[in-house]
Structure formats: structure tokens, C-alpha cells
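Read the structure below first, then the notes.
Bear in mind these aren't lab numbers, they're just calculated from the coordinates by the rules spelled out. From a predicted model like this one, the values you see are computed outputs, not experimental measurements. Here Cβ is always computed from backbone atoms with ideal geometry, including for glycine, and neighbour counts include all displayed protein chains.
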Amino acid sequence: MINPTIDLPSNWINCCREYAEKIVADYANGRNANSRAVTCFDAHSNLELQATAKMAECAFAVWAGLDPARLNWSGFCDNGTDIIWRGKRWDIKATKVGGQYLIWPIGKNEIYASKQFDCLALVKFAVPTFELAGWMSKGEFSASHEVATEGHKLFPGTWYVHQDRLWDLTTLMAS
């Protein structure tokens, strides 16, 4: 099956870029200290990473038939839920096209259990196109993730699941 794709409208791309500028400035000014404490690899200062992460959330919302304006645009950290869809709390994870893994960032390993979400979704991007690559429940990810070791493409200690083990999101549209 071919994964669904969304060409994100330019107005949402622009909103996400503006949002990223605000988030990075907030981190630089000492806001969101709890979130800053668990970022890694300078994510707190990476405009493109912050923008594409929000774009992935918007693409998921558009695909799910939801209004991206309902996402958290406040600048304050979420509790783990990026979007609520089909009665489930979703945490959307983004990677560039060519990426193969749904990951949980190493800096957040210790807070995984406390984050409030039911499912993870992997969204791949080559802006403006976003591919909905698959999903997995929080419990299934917790029970079956692998941990990157030295020599792996991912940073050692990163929790991950290969995309081939994810569930097809389109099956959820039929239910």
C-alpha cells in the first residue's frame, strides 16, 4: 500500500515557520525550562527542526480532516498530545523523506511514561510534501522499541522502531 501524502498549503508552512521563530526565541529567553531540559542536539535553537515538526502536525491534521488551527500554537509545551483524533491522543514525530525510524528522543527517555498520549505517528517530509508513514500505540512502542547502539545511524541510546513495523494509518480512516 502507498502511504498517503499531503501537500501542506503555504499559509500553514508560513505559520509553522513563524511559530518556530517564536519557540526558538522563547527557549533563548529562558521560557519553557522543563522542555529545554530534555532537548538534545540543539533542537531548542534549530529553526528548521522546530518548523518541520509543527508542519508534520499540521499535515497530520489536514489528512485527518481536522483544522490545524486547533493545534497547540501557544508556545507553551504540550503534555505529550499534539492532536486528538478518533478518540486517541496522538504524538506526531517527523523525519525527513529517507528516514526509516519512528524515534523517541534520547533526552526524553526518562519521561516517556509520564507523557500523555495514546499513539505515535511518523510523518516524513520534503516540504511542502508530507507522507504519513505509519503509527504505533504508546504501549506497543514501549514494549517493542529497540535501542540504538554504537555504529547505528541513530545516536546511541535512542529508542526507535523501524517503519516496516508500523501500522498503516489508512486503515483507521475506514473504521
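Summary value for the chain: 22 percent relative contact order, contacts being C-alpha pairs under 8 angstrom separated by 6+ residues.
Helical content of the chain, expressed as a calculated mean residue ellipticity at 222 nm, amounts to -9000 deg cm²/dmol (DSSP H runs of 4 or more residues, -39,500 (n - 2.57) each, divided by residue number, nearest 500). Taking other C-beta atoms within 10 Å as the exposure proxy, 149, 95, 170 rank 149, 170, 95 from fewest upward. Of the residues 156, 128, 68, the one that moves most in a GNM of the chain with alpha-carbon contacts below 10 Å is 156.
Among the listed pairs 93/115; 54/115; 22/138; 88/115; 22/54, a Cα-Cα separation exceeding 23 Å is found for 22/138. The alpha carbon centroids of the stretch 65-115 and the stretch 130-165 are separated by 14 Å.
Put simply, the Cα atoms of the chain extend 45, 40, 29 Å along their principal axes, the longest span coming first.
Considering only beta bridges that DSSP places wholly inside the chain, some 75 percent are antiparallel. In a simple Cβ point-charge model (Lys, Arg +1; Asp, Glu -1; nothing else charged), the chain has a dipole of about 200 debye relative to its Cα centre. Each residue in 135, 12 was given a count of other beta-carbon atoms within 10 angstrom of its own, and listing them fewest first yields 12, 135.
Modelled this way, with points 7 Å down the Cα-to-C-beta line, the labels at residue 162 and residue 25 are 4.4 nm from one another.
The calculated FRET efficiency for residue 113 paired with residue 172, based on their beta-carbon distance and R0 = 25 Å, is about 0.55.
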